[in-house]
Protein chains: 2
Amino acid sequence: MVTNGLLSEGPPIALFDSGLGGLTVARALRQVLPGEPLVYLGDTARLPYGTKSPATVHRFTRQCLRFLMGLSPKMLVVACNTASALALEALHAEFPVPVIGVLKPGAAAAVQAVRRRLGGGVGQNLAPRIGLIATEATISSNAYPQAVRQLDPTLHVVGRACPLLVPMIEEGRANDDPVVKLVLAEYLQPFVDLKVGALILGCTHYPILRGAVAAQLGPEVELIDSAQQTALVVRERLGTMRALDPRPAGGSLTCYVTDQGQRFERLAGQFLGQSVGQPIGVTPEMLEAVED
Amino acid sequence: MVTNGLLSEGPPIALFDSGLGGLTVARALRQVLPGEPLVYLGDTARLPYGTKSPATVHRFTRQCLRFLMGLSPKMLVVACNTASALALEALHAEFPVPVIGVLKPGAAAAVQAVRRRLGGGVGQNLAPRIGLIATEATISSNAYPQAVRQLDPTLHVVGRACPLLVPMIEEGRANDDPVVKLVLAEYLQPFVDLKVGALILGCTHYPILRGAVAAQLGPEVELIDSAQQTALVVRERLGTMRALDPRPAGGSLTCYVTDQGQRFERLAGQFLGQSVGQPIGVTPEMLEAVED
């Protein structure tokens, strides 16, 4: 089994995503927990998960989490909306450490945002609706509407799959790119028409295009970045566990990928806000071998 | 091992692609060889291959071809440009039946097209250049320029990766969609500036957008659809082998996918020009188990 070489730092928080997008969660964690050692696995050989079936996403996610357990983490963070939506509920019981997804923190923040806007002075012409942009698989799963309904049955979630956003971001297109503007205008028009009070950026890639989304929707619609919300939940949970790392800065980040380490390294800066070193390669076959 | 149930028809031609795109090759084969039984495997659990490394594409391709060998085909067709570019050369020797890719037929047709245009009355202001649009991995592999150079060292290939085209096509966007037009105008402008004589549609998805590409480039640029060229090579090769199916029509098509059978069935018509039945599911783990 792989050893993490981080024992002198204490056990790490282990993050998992199908690819690069989860690095926006690593970035948010770094901001609120600067001393924590982090390990990150991107399943780049089998990405994207967003067009795949629940059974396949569940199997791949389980394999990745079992691999990460070999690094002796104190917590598992599923930094992928698709995996959080399709696989998380069934996997909680299987691991001896807490498994935190990005979906529930995002849903909770959206509910709070819409309530705040409905109750306050602004947004009086905003309907009690929450918009959601995400992958095909996340939309089909209905997991966000279910999570919101559990918190507030009066709120309605309107979702739209946005398959072009991830490849546009990985192509390096900026917020003012004409293609980005045209595609977002098309994808977001229904949310403008429906006067949603908040829009969930339901894929860990999407915060990269936050500026362009905000420009389309205007200041009355609050954008919910589940990376930030998830980081706050992680901090709170580690506090309850009395497992916070006391150091004020300098936590390490070690990345593992199942393919394309150089591409990962090249694109990572955009998501993380700083450069990462060359990630460590593992194959999907190695992940599958971890299964019992 | 899986049996094909097609023995009464004689051995099939087995096609492989990472997903749906190879169905454009199945369609072209059906046009020139209407009586041949076809089997098709789409590795939809691990698609797309176009952003993955040569080592990973090679391993996945090998697993898929070994699975297809279990269906006792008379020929293997790698109906995927990325796999043809990155994996085919190393795999030829491993299989007891001919393995035909889409790359060399496309490269040969492009060379012929440019020579024809340079020699004829049209295209006198066209440079001896061939354009290529393809996935990131196909472009990085340099396989098309190498194949063209082997045929004619005076011809130069100019390639561009077009990561948005596959997701735009799978989203169902038509040739007159404003996003399609804007993205193609951007991707294709260098080929207009360079006055290429032919453009290779170097991904089996791209023929779906043939009309929009032609509208951007004008009638002086010949579009090379490697699906059609590959079908002609397959027919010629089977003829040499005396293995052509004599029946004039009615060849079957059986599809296997590693994930998302319903999505495959829903989108397949666009690529094949006719509907397919529900494909048969196999998991990537089953493919890996075929390896020795």
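Condition test on B:Ala45, is it among the small types (Gly, Ala, Ser) and either closer than 30 Å to B:Asp152 by Cβ or in the same structural domain as B:Arg129 (by TED's automatic domain parsing) (or both)? Answer is no for this residue. Counting only residues that are of a type in the set (S, T, N, Q) and farther than 12 Å from B:Phe191 by Cβ, how many does segment B:211-225 have? So the answer is 0.
Might you let me know whether segment A:249-270 holds any residue that is at pLDDT below 90 and either on the phi < 0 side of the Ramachandran plot or exposed (fewer than 15 other Cβ atoms within 10 Å of the Cβ) (or both)? No; the residues of segment A:249-270 include none that is at pLDDT below 90 and either on the phi < 0 side of the Ramachandran plot or exposed (fewer than 15 other Cβ atoms within 10 Å of the Cβ) (or both). Residues that are assigned to a loop (DSSP other than H, G, I, E, B) and either within 13 Å of another protein chain (Cβ to nearest Cβ) or not polar (S, T, N, Q) (or both) within segment B:269-290 comprise B:Gly273, B:Val276, B:Gly277, B:Pro279, B:Val282, B:Thr283, B:Val290, listed in sequence order. Only residues that are in a loop (DSSP other than H, G, I, E, B), among the charged types (D, E, K, R) and away from every other protein chain (no Cβ under 11 Å) were counted in segment A:154-181, giving 1. Counting the residues of segment A:182-215 that are surrounded by fewer than 18 Cβ atoms within 10 Å (Cβ to Cβ) and either within 10 Å of chain B (Cβ to nearest Cβ) or of a type in the set (S, T, N, Q) (or both) gives 4.
Scanning segment B:9-22 for residues that are surrounded by fewer than 24 Cβ atoms within 10 Å (Cβ to Cβ) and part of a loop (DSSP other than H, G, I, E, B) returns B:Gly10, B:Pro11. None of B:Ala55, B:Ala14 is in the same structural domain as B:Leu232 (by TED's automatic domain parsing) and without any contact (Cβ under 8 Å) to a residue 40 or more places away in the chain except B:Ala55.
For segment A:36-79, a residue qualifies if it is assigned to a loop (DSSP other than H, G, I, E, B) and more than 12 Å from chain B (Cβ to nearest Cβ), and the qualifying residues are A:Glu36, A:Pro37, A:Gly70, A:Leu71, A:Ser72, A:Pro73, A:Lys74, A:Ala79. Residue check: is A:Ser84 away from chain B (no Cβ under 14 Å), farther than 20 Å from A:Gly277 by Cβ and either in a loop (DSSP other than H, G, I, E, B) or among the acidic types (Asp, Glu) (or both)? Against the criterion (away from chain B (no Cβ under 14 Å), farther than 20 Å from A:Gly277 by Cβ and either in a loop (DSSP other than H, G, I, E, B) or among the acidic types (Asp, Glu) (or both)), A:Ser84 does not qualify.
Residues being at pLDDT 95 or above and crowded, with 17+ Cβ neighbours inside 10 Å are represented in segment B:119-130 by at least one member. Checked against the criterion of being touching a Pro at 6+ places or on another chain (Cβ under 7 Å), crowded, with 24+ Cβ neighbours inside 10 Å and at pLDDT 95 or above, the candidates B:Val25, B:Val39, B:Val57 yield just one match: B:Val39. Kindly list, by first and then second residue, each pair from a residue in segment A:240-261 that is away from every other protein chain (no Cβ under 14 Å) to a residue that is exposed (fewer than 14 other Cβ atoms within 10 Å of the Cβ) and not in a loop (DSSP other than H, G, I, E, B), limited to pairs with Cβ atoms under 8 Å and residues at least 6 apart or on different chains. From segment A:240-261, the pairs are A:Thr254/A:Ile280; A:Cys255/A:Ile280; A:Tyr256/A:Ile280. Among the conditions (1) assigned to a loop (DSSP other than H, G, I, E, B); (2) in the same structural domain as A:Ile13 (by TED's automatic domain parsing), A:Arg266 misses just one, which is (1). Confirm whether B:Ala143 is within 14 Å of chain A (Cβ to nearest Cβ), within 19 Å of B:Ser84 (Cβ to Cβ) and out of contact with any Ser or Thr (no Cβ under 6 Å at 6 or more places or on another chain). Answer is no for this residue.
Scanning segment A:262-292 for residues that are among the hydrophobic types (A, V, I, L, M, F, W, C) and touching a residue at least 12 places away in the same chain (Cβ under 8 Å) turns up A:Phe264, A:Leu267, A:Ala268, A:Phe271, A:Leu272, A:Val276, A:Ile280, A:Val282, A:Met286, A:Leu287, A:Val290.
Output yes when any residue across segment A:198-206 is part of a helix (DSSP H, G or I), at pLDDT below 95 and under 23 Å from A:Gly101 (Cβ atoms), and no when none is. No, segment A:198-206 has no match at all.
Yes/no matrix, rows are residues, columns are (1) without any contact (Cβ under 8 Å) to a residue 24 or more places away in the chain; (2) over 30 Å from B:Ala185 (Cα atoms); (3) touching a His at 6+ places or on another chain (Cβ under 8 Å):
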| residue | (1), (2), (3) |
| --- | --- |
| A:Glu94 | no, yes, no |
| A:Val99 | no, yes, yes |
| A:Thr135 | no, no, no |
| A:Ala147 | no, yes, no |
| A:Ala161 | no, no, no |
| A:Leu165 | no, no, yes |
| A:Asn175 | no, no, no |
| A:Tyr187 | no, no, no |
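Of the conditions (1) within 14 Å of chain A (Cβ to nearest Cβ); (2) in a helix (DSSP H, G or I), B:Gln228 satisfies every one except a single condition; which number is it? Result: B:Gln228 passes all but (1).
The values are calculated or read from the model by the stated rules, or taken from the named source; none is laboratory data. These figures come from a predicted structure and were not determined experimentally. Every residue, glycine as well, gets a Cβ built from its backbone with ideal geometry; the counts of neighbours run over all protein chains shown.
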